[in-house]
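Computed from the coordinates by the stated procedures, all read-outs in this text should not be read as laboratory data. Bear in mind the structure is a predicted one, so any value in this text is a computation, not a measurement. Here the Cβ is made from the backbone with ideal geometry for all residues, glycine too, and neighbour counts use every protein chain on show.
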2 protein chains.
Amino acid sequence: MRDVSEKAGLSLITVSRALRQPETVQPDTRDKVMRAIDEIGYVPNLMARSLVSNRSNMIGVVVPILTSSLFADFAQGVAGVLQRHNIQMLLGVSQRSTLQEEEAVRTFIARQADAIIVTGFTHTDTCRKMLAGFHGPIVETWNLSDKAIDLSVGYNNFAAAADMTRYLLGKGYREIAMVGGAFENNDQATDRRDGFLSAMAEAGRKVRPEFILSVPNPTTIQSGADLMMRLLDGPVRPDAVFFQAELPAQGAMMACLSRGIRIPEDVAIAGFGDLSLSALLPVPMTTVRIRAQDMGERAANLVLGRLAGKASSNAGQDIGYDLKIRKSA
Amino acid sequence: MRDVSEKAGLSLITVSRALRQPETVQPDTRDKVMRAIDEIGYVPNLMARSLVSNRSNMIGVVVPILTSSLFADFAQGVAGVLQRHNIQMLLGVSQRSTLQEEEAVRTFIARQADAIIVTGFTHTDTCRKMLAGFHGPIVETWNLSDKAIDLSVGYNNFAAAADMTRYLLGKGYREIAMVGGAFENNDQATDRRDGFLSAMAEAGRKVRPEFILSVPNPTTIQSGADLMMRLLDGPVRPDAVFFQAELPAQGAMMACLSRGIRIPEDVAIAGFGDLSLSALLPVPMTTVRIRAQDMGERAANLVLGRLAGKASSNAGQDIGYDLKIRKSA
DNA sequence: TAGCCAATGATATACGAATGTCATTGGCGG
DNA sequence: CCGCCAATGACATTCGTATATCATTGGCTA
């Protein structure tokens with residue numbers, strides 16, 4: 001900035017004013033400053049500015065994973081809204097580990113992020129403590145809960161899984177197996193499992209313990225295929241399998257088709273998440289559609305509103321879900 | 001930090017030393033400091049630290065898009081490596097606009113990023129000028145070029161498209177159409193187109209002008225389906241269509257199948273990018289596989305090496321590509 | 001021509017930490 | 001008991017910018 005002021009033949013203070021309170025300097029002085037700025041290629045140091053203003057214009061976001069998942073849509077939704085407001089997104093990938101989430105949150109706080117957006121309601125104790133001491137808005141996403149730390153934007157995983165289960169039951173499937181991701185430290189996964197169990201109980205159906213399964217994280221097509229093979233070779237064969245993640249469901253479908261097992265006649269398959277390709281599979285996937293990008297945009301807007309001083313009219317937003325009934329179940 | 005020193009009954013300076021040069025303070029003093037730190041929940045302000053040290057430990061990354069694309073894999077690759085080194089990723093989404101890329105780069109520079117990773121070699125003039133004045137490592141990715149600004153990690157789009165085209169020609173297809181994304185400001189897309197044209201010319205095949213097509217950005221399943229419909233209804237029907245993006249290829253496949261057009265007997269389809277589901281489609285997609293996550297990891301490692309002072313042994317890295325010959329062509 | 005106001009300049013301070021230069025303290029050995 | 005050294009403290013300065021306060025300048029109006 002000093003260089004700019006010299007180049008323009010003005011005092012340092014005038015340059016600062018031209019940038020921060022343009023109305024207090026003459027238009028032609030402003031022009032001189034601007035010309036000097038782009039002759040020199042001066043870019044103000046936002047860190048120094050933040051140090052004084054106590055506002056970093058950065059927002060931290062933690063997602064469990066990005067590859068072939070709706071979390072990429074979510075992140076893009078957040079980034080899009082933030083960019084329009086000249087706010088930078090700090091992105092952390094937790095690999096579904098609450099410890100890595102904690103680490104990401106710690107970094108966000110250390111870097112003076114103005115707000116923090118995390119996935120889910122499950123956090124380590126230290127992470128909770130840090131968030132409690134954090135002074136900006138906090139958004140928990142991808143689920144709903146009455147014990148939110150602050151704001152939340154998500155959908156009801158329990159109800160979504162229960163609805164899909166009821167649909168399957170209504171179609172006459174009786175021996176329904178369920179495959180989740182790893183359940184530990186994942187409220188979304190456990191809520192879906194509980195939703196499934198609840199709907200089964202409500203219909204008076206017992207669930208075989210060996211029909212409650214999970215695939216390791218990160219969930220992959222392959223793990224779904226492998227698990228399906230084992231299920232098909234087991235003593236009792238399910239007539240429907242409800243996958244609570246989309247990739248394993250797709251893998252399972254591939255496994256069945258390659259063994260000549262018909263879907264949904266021999267075994268029905270339902271997924272969760274509705275990746276863009278699910279409708280294009282050999283047997284279009286019956287699944288639960290989640291509008292992830294919309295969720296990201298809402299989370300970002302909620303944060304921006306709060307930062308702009310608006311009282312949050314809607315601290316817990318439910319974005320809902322849709323059952324996409326296609327051919328696989 | 002002042003609070004910590006009071007809590008621990010030590011001077012501010014000792015706390016600072018305990019954190020930055022632990023060997024200069026007694027172990028038990030260090031412990032006192034540490035205990036005070038987590039009783040208070042003190043988190044050092046990295047912005048202030050950066051201001052002095054002239055190192056932000058942040059690296060800016062621009063991708064064109066995240067949703068259902070390999071760029072999500074790429075971003076995850078970068079993020080993973082950086083997190084292990086306590087470096088924060090700043091992510092910008094350019095929506096394939098060089099202007100938005102410029103804006104993202106400007107922000108990265110203003111925020112004192114230590115390095116910048118961008119997609120492709122096409123940038124606005126101001127963006128180029130800013131990058132030229134930037135003092136840290138710069139990586140251009142997703143393509144190769146001999147006019148790289150600094151470092152690069154990518155693959156040869158021209159050669160990849162040419163190879164696939166040669167494969168199609170070898171299979172006996174003659175009337176081959178090509179569908180790219182929008183070509184303006186996208187060196188990857190134009191290189192692929194040129195690779196296609198070059199291979200066709202080399203085989204002595206003329207390409208009908210109406211067989212050089214493009215779908216608007218962002219590329220979608222739907223746009224591929226629509227375009228395929230128009231192609232099929234045109235005066236001359238191609239016997240193969242080479243899509244240079246994966247989603248439109250998948251949409252095109254869906255459009256064909258729903259109209260009872262057989263793939264590859266009536267028309268062959270080839271894609272580019274190999275999303276994880278491409279192998280699972282009704283007709284598994286013949287496509288070009290790009291190891292995006294690996295590319296991200298390499299880019300990140302290249303940058304880290306440079307920042308650590310290593311001379312870049314390998315300023316332009318070629319990660320290659322694989323033709324994935326499946327059923328659709 | 002006195003007086004006023006707008007535009008600009010000068011100076012100091014703050015933000016939170018890093019760091020260099022000395023000064024002080026306490027413990028130990030000789 | 002003196003002197004030395006290690007550990008700790010005090011103080012000042014720096015990073016790049018914002019901002020509050022006060023001083024100066026010049027042009028315009030009454």
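Please figure out what share of the DSSP beta bridges in chain B is antiparallel and state it in percent, rounded to the nearest 5. Taking every DSSP beta bridge with both residues in chain B, the antiparallel ones total about 10 percent.
In chain B, the longest principal axis of the Cα atoms and the axis of helix B:292-307 are about 40 degrees apart. Pairs of C-alpha atoms in the protein assembly as shown farther apart than 44 Å represent 28 percent of all such pairs. FRET efficiency for the pair A:Ala203 and A:Asp233, taken as 1/(1 + (r/R0)^6) with r the Cβ-Cβ distance and R0 = 35 Å, rounds to 0.80.
On the principal axes of its alpha carbon atoms, segment A:157-289 extends 34, 28, 25 Å, with the longest extent given first.
For chain B, the percent of C-alpha pairs falling in each 20 Å distance bin, counted from 0 to the bin holding the largest distance, reads 29, 44, 20, 8, 0. Eigenvalues of the alpha-carbon gyration tensor of segment A:147-195, scaled by 5 and square-rooted, set the equivalent ellipsoid semi-axes at 25, 13, 6 angstrom, largest first.
So how strong a dipole does the protein assembly as shown carry about its Cα centre when Lys and Arg Cβ are +1 and Asp and Glu Cβ are -1, to the nearest 20 debye? Before the final figure, lay out the partial values.
Details: 72 positive and 70 negative charges, 25 e Å.
Here the size comes out at about 120 debye.
Kirkwood hydrodynamic radius of segment B:1-65, from the reciprocal of the average inverse Cα-Cα distance over all distinct pairs: 13.2 Å. Rounded to the nearest 10 degrees, the inclination of helix A:98-110 to the longest alpha-carbon principal axis of chain A is 10 degrees.
Okay, helix-only estimate at 222 nm for the protein assembly as shown: each DSSP H run of n ≥ 4 adds -39500 (n - 2.57), divide by all residues, round to 500 deg cm²/dmol; what do you get?
Numbers: 24 runs with 294 residues, N = 658.
Calculated from helices alone, the mean residue ellipticity at 222 nm is -14000 deg cm²/dmol.
Normalising the average separation of contacting C-alpha pairs (under 8 angstrom, six or more residues apart) by the number of residues puts the relative contact order of chain B at 16 percent. Of the cross-linked pairs A:Lys171/A:Lys324; B:Lys171/B:Lys206; B:Lys147/B:Lys206; A:Lys129/A:Lys310; A:Lys206/A:Lys324; B:Lys171/B:Lys324, those separated by over 20 Å at the C-alpha level are B:Lys147/B:Lys206; A:Lys129/A:Lys310; A:Lys206/A:Lys324. Restricting attention to segment B:157-289, close to 0% of DSSP beta bridges with both partner residues there are antiparallel.
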